[in-house]
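In what follows, a single structure is set out as structure tokens and then discussed.
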Amino acid sequence: MRQIAFINGKFLKWEDALIHAEDRASNFGDGVYEVVVAYGGKPFHAEAHIERLLYSASQIELPVPYSPDEILDIILQAIREAEAEDEDSMIYFQLSRGFSPRDHVFPEDAEPTFYLTVKPFHPMPMDERRRGVKTVTYPDIRWARCDIKSLNLLPNVMAREYAKRKGALESLFVKDGVKITEASSSNFFAFIDGRLWTHPLSNEILSGITRGIVLKLSKKLGIEVVERPILLSMLEEIEEAFITSTTKEIIPVSSIDSLRLPVGEKTMSLIEEFQKLKK
Ligand code: PMP
């Protein structure tokens, strides 16, 4: 496949995908984004991602220059342009408030900048997934609107780098030293007392599309879900845990700091169900 980009109406080679230096995305992180994967050329839950982009944009009063159907068409056309119809690919798109001389207030005349890229996507192989991944805890130093998928990712970047330095895949955000909200780029789930716990939807977490899929699959499998925060004081009670995201899908957690966890059957049954949805 070819790596391509789309900027404000035009398909370009990835290396020609240039944006103005004074775009508000680079000056202020003044924009929102989404990541969709396509399995064998078919976008997975694209409608939900587009809906979330519209929600994020509305929350920062950012006009969206395309309708949901038009965004879906751009995604499908981009997959064709990238010659990725038979492959797994990752589609990133972001919308910013456009370019304008740097000034905090919203510019009156700027056109929003919409860009999209398509790249190859390689989900984590199943044997690696079965081994689980290490996680570490990190203070949740983010703002009070984590429900908006905004371009401001500095705390997430800091948390992810911290994880890497500790030999872990993800950092789990700990809010006020008390509870786990989510991870730096994924949602967090844990089985406690045979029930599946995850932080409730609120301004403190992103409403993950994969999180929503996992909740539906849990219902199908007869797993009871508890949408309540997992407290640090409950860590020793965790039987199994996993993280979810569009690009990670479902990955079992084998440790949280020094606490070791088994990769259990319940998590593996959710992974199996998820694999079926991809076909
Ligand atoms: N939380 C955060 C902070 C994220 O960045 C992501 C990845 N977008 C998620 C959760 C998972 O969301 P999704 O399943 O929609 O990819």
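Converting phi to 3J(HN,Hα) with the Karplus coefficients 6.51, -1.76 and 1.60 and the offset θ = phi - 60°, region 262-272 yields x, 8, x, 5, 5, 5, 5, 5, 5, 4, 4 Hz in sequence order, with x at every glycine or proline. Dipole orientation for region 4-120: of the candidates Gly31, His49, Ile75, Gly31 has the Cα lying most toward the positive pole (charges on Cβ; Lys, Arg +1; Asp, Glu -1). Using R0 = 35 Å, the C-beta based FRET efficiency linking Arg102 and Leu201 works out to 0.50. Note on the chain: with charges restricted to the Cβ of Lys and Arg (+1) and Asp and Glu (-1), its dipole about the Cα centre is near 800 debye. Mark the label point 7 Å from the Cα of Gln275 along Cα→Cβ and return the residues of region 191-217 whose backbone N is within less than 20 Å of it. Within reach of a label on Gln275: 210-211, 213-217. From the residues Ile243, Trp143, Phe189, which one has its Cα farthest along the dipole of region 126-277 in the positive direction, the dipole being from +1 and -1 charges on Cβ of Lys/Arg and Asp/Glu about the Cα centre? The listed residue farthest towards the positive side: Trp143.
Karplus-based coupling profile of region 124-131, in residue order and whole Hz: 4, x, 4, 5, 5, 4, 4, 7, with θ = phi - 60° in 6.51 cos²θ - 1.76 cosθ + 1.60 and x standing for Gly or Pro. Take each peptide in 14-21, 248-255, count the other Cβ atoms within 10 Å of every residue, and average; sorted highest first, the result is 248-255, 14-21.
Quick one: Debye curve from the C-alpha atoms of region 4-120, no solvent, what's log10 I(q)/I(0) at q = 0.11, 0.15, 0.19, 0.23 Å⁻¹? Summing over Cα pairs of region 4-120 leads to -0.35, -0.64, -0.98, -1.31. Rounded to the nearest Hz, the phi-derived 3J(HN,Hα) couplings of region 48-61 under the Karplus curve 6.51 cos²θ - 1.76 cosθ + 1.60 (θ = phi - 60°) are 5, 5, 5, 4, 5, 4, 4, 4, 4, 4, 5, 6, 10, 6, where x marks glycine and proline. For region 126-277, the Kirkwood hydrodynamic radius from C-alpha pairs, put into Stokes-Einstein at 25 °C and a viscosity of 0.890 mPa s, yields a diffusion coefficient of 161 µm² per second.
For the residue pairs Lys134/Lys175; Lys179/Lys248; Lys248/Lys279; Lys179/Lys278; Lys149/Lys220; Lys42/Lys276, the C-alpha atoms sit more than 25 angstrom apart in Lys179/Lys278; Lys149/Lys220. Calculated translational diffusion coefficient of region 38-182 (37 °C, 0.692 mPa s; Stokes-Einstein with Kirkwood radius over alpha-carbon pairs) equals 183 µm²/s.
Only one residue of Ile7, Thr117, Gly167 has its Cα farthest out toward the positive end of the dipole of the chain, where Lys and Arg carry +1 and Asp and Glu -1 on Cβ, and that residue is Gly167.
A P(r) calculated from all alpha carbon pairs of the chain, with 5 Å bins opening at zero, reads 1, 5, 12, 15, 17, 16, 14, 9, 6, 3, 1, 0 percent. Residues His199, His104, His45, ranked from the fewest to the most other C-beta atoms within 10 Å, line up as His104, His45, His199.
Peptide packing: for 183-190, 147-154, the average count of neighbouring Cβ atoms within 10 Å per residue gives the ranking 183-190, 147-154, highest mean first. Separation of region 173-227 and region 1-68, taken as the distance between their Cα centroids, equals 26 angstrom.
Values in this text are rule-based calculations from the coordinates and carry no lab data. Source: prediction; values computed, not measured. Here the Cβ is made from the backbone with ideal geometry for all residues, glycine too, and neighbour counts use every protein chain on show.
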